[in-house]
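*Asks:* Dropping a structure here in structure tokens format, bear with me for questions.
The values are calculated or read from the model by the stated rules, or taken from the named source; none is laboratory data. Since this is a predicted model, take the numbers as computed values, not measurements. We place every Cβ from the backbone using ideal geometry, glycine too, and count neighbours over all the protein chains shown. Note: areas computed on protein heavy atoms with side chains; ligands, DNA, RNA excluded. Shrake-Rupley method; radii C 1.70, N 1.55, O 1.52, S 1.80 Å.
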Amino acid sequence: MNSSLNEINKLLAPPDIADCRKILCIQPHPDDNEIGMGGIIASYAARGCEIHYLTITNGDLGALDASLSHEQIAEARVQETELAGRHLGASFFYTLGYEDGTLQDIPSLSQKIAEVIRQVQPEAVFCPDPWLNYEAHYDHIVTGRAAAHAVISSSLPSYPKGTQTTPWQPAAIGFYFTSKPNTVIDITPYYEQKFDAMRLHKSQLSEEMLGLYYIYFKELGQQLAADRDFEIGEGLKVLSPLHLHCFVNAEHI
């Protein structure tokens, strides 16, 4: 009986992602990784983890400088993505090049993400939480759902159809921008580094916005770290592939 209970408890627990040696961080737009989990990325890099970035859109819809064309914005954001990512410790960068604000086809995007997962072979994949209440940006919803579908499908020998890549099953997916974190990672030593990386997205983030974010994320991070032995945390909803399909308790893990 105790053995069965232990197995059930393991099944209902989030996967342990502390010792990942290779991760894939998926972002709908060129600044989401830094804003959503920049401290976590820096903490992984400090432990020698190999960090890969996958950016889904070119982020060409908006910039602080209204005189820039869509092409100029997209070019600037490619440069900012790599500068900010490398500042946190990322080494590999991929982009799918969709236009900003155009994502709608989850199955098609899932296939493209799955190809990257099978090529990179990460132990864990990260993306925005598409089930965040009141999330209005469809790029985030589509990216998160497509990434989750890719995680459960990338182990299938023939997914996507016609693939020449080797099947691969990540052990975990971590959702950032989540209201239901089940894993909190200490980012106290990396909080300033996170904001230094965010500041490199000069086309997007004004000093006023950075100042507001600095206060907000510090307060949120301190709340997440309450009753823990560190000052500032970043939260993730971490699930295993098994939790992502026909698993009615996933919401409560």
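*Asks:* Give the peptides 198-210, 147-159 in descending order of average Cβ contacts within 10 Å, highest first.
*Replies:* Values: 198-210: 15.8, 147-159: 20.0.
Highest mean packing first, the order is 147-159, 198-210.
*Asks:* Turning to a different aspect of this structure: Computed from the coordinates I sent, semi-axes √(5λ) of the Cα gyration tensor in Å equals one of [x] 39, 24, 17; [y] 43, 22, 15; [z] 28, 24, 16. Tell me the label.
*Replies:* [z]
*Asks:* Turning to a different aspect of this structure: P(r) of region 143-253 in 5 Å steps, Cα pairs, percent per bin?
*Replies:* 2, 10, 15, 16, 14, 13, 13, 9, 5, 1, 0
*Asks:* Related question: Apply the Karplus curve 6.51 cos²θ - 1.76 cosθ + 1.60, θ = phi - 60°, to the phi angles in region 128-143 and return the couplings in whole Hz, x for Gly and Pro.
*Replies:* Each residue's phi maps through the Karplus curve to give x, 6, x, 9, 5, 4, 6, 5, 9, 8, 5, 4, 6, 5, 5, 4 Hz.
*Asks:* Find which of His201, Ala114, Pro30 sits farthest along the positive direction of the dipole of the chain, computed with +1 on the beta-carbon of Lys and Arg, -1 on that of Asp and Glu, about the Cα centre.
*Replies:* So the residue we want is Ala114.
*Asks:* On to the next question. Taking the full set of protein chains and a 1.4 angstrom probe, give the accessible area of His87 in square angstrom, rounded to the nearest 10.
*Replies:* 80 Å²
*Asks:* Moving to a separate point now. To the nearest 20 debye, what is the magnitude of the charge dipole of region 178-248 about its Cα centre, counting +1 on the Cβ of each Lys and Arg and -1 on the Cβ of each Asp and Glu? It would help to have the intermediate numbers written out before the result.
*Replies:* On the way: 7 positive and 10 negative charges, 68 e Å.
Here the size comes out at about 320 debye.
*Asks:* Considering only Ala46, Ala147, Val78, whose Cα is most displaced toward the positive end of the charge dipole of the chain, charges sitting on Cβ of Lys, Arg (+1) and Asp, Glu (-1)?
*Replies:* Ala147
*Asks:* Here is a further query. Before rounding to the nearest 500, sum -39500 (n - 2.57) across all DSSP H runs of length at least 4 in the chain and divide by the residue total; then give [θ] at 222 nm in deg cm²/dmol.
*Replies:* Values: 7 runs with 102 residues, N = 253.
Per the formula, -13000 deg cm²/dmol.
*Asks:* Sticking with this structure for a sec: Taking a ≥ b ≥ c as the square roots of the Cα gyration tensor eigenvalues, with a/c under 1.5 meaning rounded and otherwise prolate when a/b beats b/c, else oblate, which class fits region 1-46? Let's see the in-between values first.
*Replies:* On the way: a/c = 4.07, a/b = 2.61, b/c = 1.56.
Since a/c reaches 1.5 and a/b is larger than b/c, the shape of region 1-46 is classed as prolate.
*Asks:* Take the solvent-accessible surface of the protein heavy atoms, probe 1.4 Å, and return the percent of it on region 55-163 that carbon and sulfur atoms account for.
*Replies:* On the way: 2790 of 5290 Å².
Roughly 53 percent of what the probe reaches on region 55-163 is carbon or sulfur.
*Asks:* What whole-number value in Å² describes the accessible area per residue of the chain for a 1.4 Å probe? Walk me through the intermediate numbers first.
*Replies:* Details: 12400 Å² over 253 residues.
With the other protein chains kept in place, the chain gives 49 Å² per residue.
*Asks:* Which of the three applies to region 39-156, rounded, prolate or oblate, going by the alpha-carbon gyration tensor with a ≥ b ≥ c and a/c under 1.5 meaning rounded?
*Replies:* Working: a/c = 1.72, a/b = 1.15, b/c = 1.50.
Judged from the Cα gyration tensor, region 39-156 comes out oblate (a/c at least 1.5, b/c at or above a/b).
*Asks:* Taking the Cα centre of the chain as the origin, how large is its charge dipole in debye, to the nearest 20, when only Lys and Arg (+1) and Asp and Glu (-1) carry charge on their Cβ atoms? Working shown, then result.
*Replies:* On the way: 17 positive and 32 negative charges, 175 e Å.
It works out to roughly 840 debye.
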